[in-house]
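Undergrad: Following this message is one structure expressed as structure tokens.
Nothing in this text is a laboratory measurement; each read-out follows from the coordinates by a stated rule. Since this is a predicted model, take the numbers as computed values, not measurements. Note: ideal-geometry Cβ built from the backbone for every residue, glycine included; neighbour counts use all protein chains shown.
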Amino acid sequence: MKLAQGTVVGLIAGYYDVETAAGIVRTRARGVFRQKKQKPAVGDHVEIQIDDKGMSYLVKILPRINRIGRPAVANVSHVLLVISAVEPDFSVELLDRFLTFFSWQKVGVTIYLSKADLLSEAKLNTIKQALAYYQKIGYPVFIDYHEMQIQIPKMIEKNQIWTLAGQSGAGKSTLLNHLKKDANQATSAISTSLNRGKHTTRKVELFKLGAGFLADTPGFSSIDLTPIKLNELCNYFVEFKKASIHCKFRGCQHLQEPGCEVKKLLEAGEILASRYEDYLAMRTEISEGRIPEYLK
């Protein structure tokens, strides 16, 4: 009997595929996980036991960094956020929701604008101007597909787990098929009546990319912000948090407080007006404890 460590890269009909130094091993989880009400997730670093007959069992989940999404991905290091230029239409509001959610989860984000080639130059330039702000506040942004295809594998460090996220129909699975030729993820046409795509990804799976992994998952298509504490929301807007050290009052919520640095920068045009408006809308959403109907 021997022990080995690896990363869960797939879950199929109750079996866990674990990437080990010797290759992928298909395992079953021991019953002890049910007793402890634990469930291994794709992305988990685990220990497996292989007996003398060649049977293998998942026996231990190693400590996690995080576990996010439904279905869940564990140990997410970074998100490649796919935002569509058109079909579905580009939305700063949706972009802010994703960035706030992943900031709350303490996960870095790189933004990729998909379907840019379907827009006129004038419309694309408008979106580029908006995305330039996000680049200024620290988010890497890719618009050129070929540059992104070259750079993303270089950015994924050893054993890191990156995951794709974005609204349905933004082209996540199509992108994965280009980045990872053997992924063979299903893709689907857009529903023009709803201006949204159909969910095409039904399971979570990790694919080797760069020195680590990239996941395609249906778990990050819609974002629920209501679990965020209202007085902490401002900390998940990166430029608000940076400016807040200059606010007159500690714990400033950037509403009507005197000496607010965020409001000062907003009035000076240094903070994007739509970002602040989205912040106020999220405050309302969290205080009322419900997701807006149009986002369900």
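Undergrad: Students often get this wrong, so try it: which of [x] 14.6; [y] 21.6; [z] 17.9 is mean projected area of the Cα convex hull in nm² as calculated from the structure shown?
TA: [z]
Undergrad: What 222 nm value per residue comes from the helices of the chain, counting each DSSP H run with n ≥ 4 as -39,500 (n - 2.57) and dividing by all residues, nearest 500 deg cm²/dmol?
TA: The helix contribution divided over the chain gives -8000 deg cm²/dmol.
Undergrad: Still on this structure, please answer the following. Treat the count of other C-beta atoms within 10 Å as a stand-in for reagent exposure and order M1, M148 from fewest to most.
TA: Values: M1 8, M148 23.
So the residues, fewest neighbours to most, are M1, M148.
Undergrad: Check the chain for me: any Cys whose beta-carbon has no other cysteine beta-carbon within less than 4.7 Å?
TA: Taking the Cβ cut-off of 4.7 Å, the unpaired cysteines of the chain are C234, C260.
Undergrad: A further question follows. Separation between the R250 and K2 pseudo-spin-labels, each 7 Å from Cα along Cα→Cβ, expressed in nm?
TA: Each label point is offset 7 Å from its Cα along the Cβ direction, giving 5.6 nm.
Undergrad: Taking H as built 1.01 Å from N, whose amide H comes closer than 5 Å to the amide H of L225, not counting residues under 5 places away?
TA: For L225, no residues qualify.
Undergrad: Quick check on packing: order 102-109, 72-79, 130-137, 44-51 by the mean number of other C-beta atoms within 10 Å, highest mean leading. Kindly include the intermediate steps, with their values, before the conclusion.
TA: Values: 102-109: 17.1, 72-79: 23.0, 130-137: 15.2, 44-51: 18.6.
Output ranking for 102-109, 72-79, 130-137, 44-51: 72-79, 44-51, 102-109, 130-137.
Undergrad: Enter the angle in degrees (range 0 to 90, nearest 10) between the Cα long axis of helix 121-136 and the first principal axis of the Cα atoms of the chain, meaning the one along which they spread out most.
TA: So the helix axis and the longest Cα principal axis differ by about 80 degrees.
Undergrad: Tell me, what is the FRET efficiency for D89 and S287 to the nearest 0.05, using R0 = 35 angstrom and their Cβ-Cβ distance as r?
TA: Values: r = 28 Å, r/R0 = 0.80.
Calculated transfer efficiency: 0.80.
Undergrad: Oh, and also: Compute, for the chain, the length of the dipole vector about the Cα centre, with Cβ point charges of +1 (Lys, Arg) and -1 (Asp, Glu) only. Units Debye, rounded to 20.
TA: 1140 debye
Undergrad: So, one more: Sequence gap at least 6, Cα distance under 8 Å: using those rules, report the relative contact order of the chain to the nearest whole percent.
TA: On the way: 529 pairs, mean separation 44.9, N = 296.
This gives 15 percent for the chain.
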